[in-house]
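Below you'll find the structure, written out as structure tokens, and then a few comments.
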Amino acid sequence: MAMTLITTATASSSASLAFTASIDNTYKLYIFKFYDIHPSDSGVYFTWQGSIDGGSNYDVECTTSMFRADHAEDDSGTPTVNYDSGSDAAQSTSYINIDGQMANANDHATAGEIFLFNPSSTTYVKHWYSTGNVMTHHADPAARTMVHYTGGYFNTTDNIDAVSFKMQSGNIDAGTIKMYGVG
């Protein structure tokens, strides 16, 4: 199956990046690839949320789970794999964490991808999962690289026809998100 680039959004001190067109029944799988997402604030999560009304509201109930693997930049400590219960959502209508906290230092950013399955189904909930790598804001004992694995579902049988990405607080200073259709 071929991946077709549908659109690209590029941040420049942007409050959010939204995809409000072209999420429809053309494809059963949509992939969002994000590159060099850099926050204006330090210690914030990169988040997303879906819409069933073309982007007028981003408040679809979502349930998620996240775990991560990490390693210190200076090789101190022991690499770990942890369940991140603080990033879980249970029927939340808030924006959902898809990657770990990052600093706004020049060498800190996140990159990864999200797979959204069958968003136009009017029978089933909308499953998704993401993988991302972030240079964290942690400095004790050292900055860390963390790979986050997040999965969940939008608990609606309505069409997910738009999605929005933003930082937990502050702007997305820089970065690019590309939306692909697969099929």
Being in contact (Cβ under 8 Å) with a residue 24 or more places away in the chain and in contact with a Ser or Thr (Cβ under 6 Å, 6 or more places away or on another chain) narrows it down to one of Thr136, Thr150, so name that one.
-> Thr150
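Is it the case that the stretch 132-144 has a residue that's among the β-branched types (Val, Ile, Thr), under 25 Å from Thr93 (Cα atoms) and open to solvent by 10 Å² or more (accessible area, probe 1.4 Å)?
Within the stretch 132-144, the subset among the β-branched types (Val, Ile, Thr) is 134, 136.
Of the ones still in play, those that are also under 25 Å from Thr93 (Cα atoms) are 134.
From the residues that got through so far, the ones that are open to solvent by 10 Å² or more (accessible area, probe 1.4 Å) too are none.
Looking through the stretch 132-144, none of the residues is among the β-branched types (Val, Ile, Thr), under 25 Å from Thr93 (Cα atoms) and open to solvent by 10 Å² or more (accessible area, probe 1.4 Å).
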Taking Ala109 as the residue in question, decide whether it is at pLDDT below 95, open to solvent by 10 Å² or more (accessible area, probe 1.4 Å), under 16 Å from the mean Cα position of the chain (by Cα) and of a type in the set (A, V, I, L, M).
-> yes
Only one of (1) surrounded by 14 or more Cβ atoms within 10 Å (Cβ to Cβ); (2) closer than 20 Å to Ile177 by Cα does not apply to Ser87, and that is (2)
For the stretch 103-130 the number of residues that are within 13 Å of Thr156 (Cα to Cα) and touching a Pro at 6+ places or on another chain (Cβ under 8 Å) is 1
Take the residues in the stretch 145-174 that are among the hydroxyl-bearing types (Ser, Thr, Tyr) and open to solvent by 10 Å² or more (accessible area, probe 1.4 Å), then tell me which one is nearest to Asp70 (Cα to Cα).
-> Thr145
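Just for strands (runs of 3 or more DSSP E) wholly inside the stretch 1-117: which have at least 2 residues that are under 17 Å from Phe165 (Cα atoms)?
Details: elements: 3-14, 17-19, 29-39, 46-51, 62-72, 80-83, 89-92, 110-117.
Output list reads 3-14, 17-19, 29-39, 46-51, 62-72, 89-92, 110-117.
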Within the stretch 45-63, tally of residues that are closer than 19 Å to Thr131 by Cβ and touching a Ser or Thr at 6+ places or on another chain (Cβ under 6 Å) = 3
Over the stretch 86-100, the set of residues closer than 19 Å to Tyr35 by Cβ and either in contact with a helix residue (DSSP H, G or I) (Cβ under 6 Å, 6 or more places away or on another chain) or modelled with pLDDT of 85 or more (or both) is Asn97, Ile98, Asp99
Filter the stretch 23-67 down to residues that are open to solvent by 40 Å² or more (accessible area, probe 1.4 Å), in contact with an Asp or Glu (Cβ under 9 Å, 6 or more places away or on another chain) and more than 21 Å from Ser92 (Cα to Cα), then give me how many there are.
-> 2
Within the stretch 155-183, how many residues turn out to be more than 23 Å from Met1 (Cβ to Cβ) and either in contact with a helix residue (DSSP H, G or I) (Cβ under 9 Å, 6 or more places away or on another chain) or in a strand (DSSP E or B) (or both)?
-> 10
Thr145: of a type in the set (Ser, Thr, Tyr) and either in contact with a helix residue (DSSP H, G or I) (Cβ under 8 Å, 6 or more places away or on another chain) or at pLDDT below 95 (or both), yes or no?
-> yes
Flagged pairs (Cβ under 9 angstrom, 6 or more apart or on separate chains; first in the stretch 43-54, within 18 Å of Ile177 (Cα to Cα) and at pLDDT 95 or above; second among the aromatic types (Phe, Trp, Tyr) and part of a loop (DSSP other than H, G, I, E, B)) are Thr47/Tyr95; Trp48/Tyr58; Trp48/Tyr95; Gln49/Tyr58; Gln49/Tyr95; Gly50/Tyr58; Ser51/Tyr58
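The values are calculated or read from the model by the stated rules, or taken from the named source; none is laboratory data. Just so we're clear, the structure is a prediction, and the values are computed from it rather than from any experiment. A quick note on method: Cβ atoms are made from the backbone with ideal geometry, for glycine too, and the neighbour counts reach across all protein chains shown. Just so you know, the surface numbers come from the protein's heavy atoms only, side chains and all, with ligands and any DNA or RNA stripped out. Shrake-Rupley method; radii C 1.70, N 1.55, O 1.52, S 1.80 Å.
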